[in-house]
1. Over the alpha-carbon set of segment A:278-382, work out the extent along each principal axis and list the three values in angstrom, largest first.
2. Compute the angle between helix B:31-52 and the longest alpha-carbon principal axis of chain B, please, reported from 0 to 90 degrees and rounded to the nearest 10.
3. log10 I(q)/I(0), Debye, Cα-only the protein assembly as shown, no solvent, q = 0.05, 0.11 Å⁻¹?
4. What residues of segment A:424-439 lose no less than 50 Å² of accessible area with every protein chain in place versus their chain by itself (probe 1.4 Å, heavy atoms only)?
5. Evaluate the distance, in nm, between pseudo-label points positioned 7 Å from the Cα of A:Lys374 and of B:Asp24 along their respective Cα→Cβ axes.
6. Angle, helix B:182-193 long axis vs. longest principal axis of chain B, Cα atoms, 0 to 90°, nearest 10?
7. Evaluate peptide B:47-57: per residue, the Cβ atoms of other protein chains within 10 Å of its Cβ; return the mean as an integer.
8. Determine the dipole magnitude for the protein assembly as shown: charges of +1 sit on the beta-carbon of Lys and Arg, -1 on that of Asp and Glu, nothing else is charged, the reference point is the Cα centre, and the result goes in debye to the nearest 20.
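The values are calculated or read from the model by the stated rules, or taken from the named source; none is laboratory data. Worth saying up front: this structure is predicted, and the values here are computed from it rather than measured. So basically every Cβ, Gly included, is an ideal-geometry build from the backbone, and we count neighbours across all protein chains shown. What goes into the accessible areas is simple: the full protein's heavy atoms, side chains included, and nothing from ligands, DNA or RNA. Shrake-Rupley method; radii C 1.70, N 1.55, O 1.52, S 1.80 Å.
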Amino acid sequence: MPPDVPLINDRLVLWVVAELHLLFAAFVLGAPIFIVICEYLGLKTRDERYERLAKETMKIVAIAYSLTALFGGAMTFVLVGKYQEFSNFIFQRFYPIFGLYALLLLAESGLMYVYWYTWDALAGRKRWHISIGVLLNVLGTLVMFLMNGVGSFMLTPPDSPATATVWQSLNNATWTGLNLHRFVANISFGGFMVALFAALMFLTSKKEDDRAFYDWMGYIGNFIGVAALVVLPVAGYIYTKEIFAYDATISTLLMADKLAWFFVMQGILVGFLFLGAVYYMWLSIQRIEGGARFRTYIRGAIWACLVGLAVWLVPQSFLPSLTAEPSGPISEVTIPEKTIFLGLMPAKGLAVSAIVVVTAFVYFLYRQAIATGKMAWGRIDVKAQLVLTFLPAVAVFTMAFMGPIREMARGQWHIFQFMPDKTPYSFITPLGYTAIVAGAITIIFFLLMGAIFWLGFKVGHQKETT
Amino acid sequence: MRIILIVVAVIAAIWVAPVLISEDSGLKFGVSYRVLFTLFVLFAGFLFYLLRAPEWKPFKSTPRAVGSVGLVFVAVIGAIVLLANVSPQFASEGQASTGASSGERGKAAFFDPGVGCFLCHTVATSGGTRGPDLTHVATVAANRRPGLSVEDYLKESLFSPGAYVVATFDNIMPPFGDRLSPEQLKDILAYLMSLR
């Protein structure tokens, strides 16, 4: 069994703290994008529910913000305390960037309070308030871009990292890819988290009115989550392309060596996300008048997704690394000769594209159903609400699992081919162990989120109603 | 009911077909693949069962609602973690070296810029190319010099690299006998010995 690394070691501490920082950061970045979109839609459609949704979610963001800072601080402590050589270098190298980061962060949190406290005051001047929200998001995204520069620098530093200019270091080979990928992923994540809050509220509401509202809110959250999810594989593709162009040994490690099975796992996770999204639409379309007639198509779409997923998952071999020795005959654990094409990139690419296109198609059908039939909000199968809790669980696990892949792609380096990792933990952890850590992080995250949610949503809400 | 029949039939096909197919057809999937396919078919069957499952009405009590959400979380994350743990695993390097911390220190020294081995040598994916790749040096060393054991050959490489110069490389490696402490040399040797 996997936990063969001493339970608490420096790397594990840094790993957990950094990942939690990242998850909360992703939430406080993604949710406000979602919130401003909702506020705008509220203004456009004059539908008051958008306003309520935006405001209720913002309350949670405000609390989550302080936890982001807390874990960020903890991460810095561990880095400075336990990884001195590395942090000395990184903080010096990116000194102006960290300065700018601090300033922008200050501005961002200031703006966040302004945004929150002027909500009612600017009720008559919605455009002003929305502009503040947009500015808040621009600042937040810039802050993230700066740190993405540092993170991507570690994997793909420019030639002679010690003497390159700050701009060259920041704008390294994979900065754009990482920026794009995280930006899109955060929106998706924000949407799914909002859907989760909605589902929790739906499931614990006793009144029809409330259920109608939270059903709608879950629908919107999922709607935005899926819209971004559909674009995500493209962003991921661009990002990996950049990595591969930078150094071919990394691509071998990722696709054919020790990390190859991590990507089989990732395929399963992403497959779960897409299938979950389609299943939600299957369940919820029946609350639209005449929606049931679309179900045949959705069933077909699920078939197509399953076939795509099957192709995506067929591995080249069952060997955990390039150098692993099979215990039995090699033909038992490698792909048969005539089906090798199934294990190659073109087939995988086609399979993923099929899943994406089919999901987008179902999505379109759903919009069509809404346009032509009356929606009975609140009259939704409770299973659909559970799907809305399933999706964020998988999304967060995927994030907590992809993080270590990106970090371990560096192999034995803190900074690729420049600063070696000389700690005893400079090795790639096995798949099982990695998944256990990711699972633990996911649970911790949701427990903390649960507490925040309870504070922000439930407690606040009870006050309003009584 | 129909779903169960279909699932059973497909799984049977997965396991029977390879018996009928000849080895050199190039289509015969090994046992590991069949297990994977079986799991996949079970999953697909479950999904289609879910499509037909009767509608669930809202939960009566809050604890039940919260409990079911908790259950979804535990089940999903548990299933994923389980799946990851039954997938192929490589041995953790951490495990290999927990007993022999000398090897760990040796690895650290190897990648220490002050010592500098990695500037010329690659292990696994990282390091320079002016010297030979040392990823499997303990295996290679067995046949380098007839009569010299692996350990002795590696010692010789450290103390007097010029005694045997690997083909296609130049004799540029400095002798390390007086550059490093005996402790360090011992640790590095232990590390090299582990690179099989």
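1. Answer, in whole Å and largest first: 60, 27, 18 Å.
2. Here the helix axis deviates by roughly 30 degrees.
3. Rounded to two decimals, the profile gives -0.27, -1.18.
4. A:Phe427, A:Pro430
5. 7.2 nm
6. The angle comes out near 50 degrees.
7. Mean partner shielding for this stretch: 4.
8. Roughly 2340 debye, rounded to the nearest 20.
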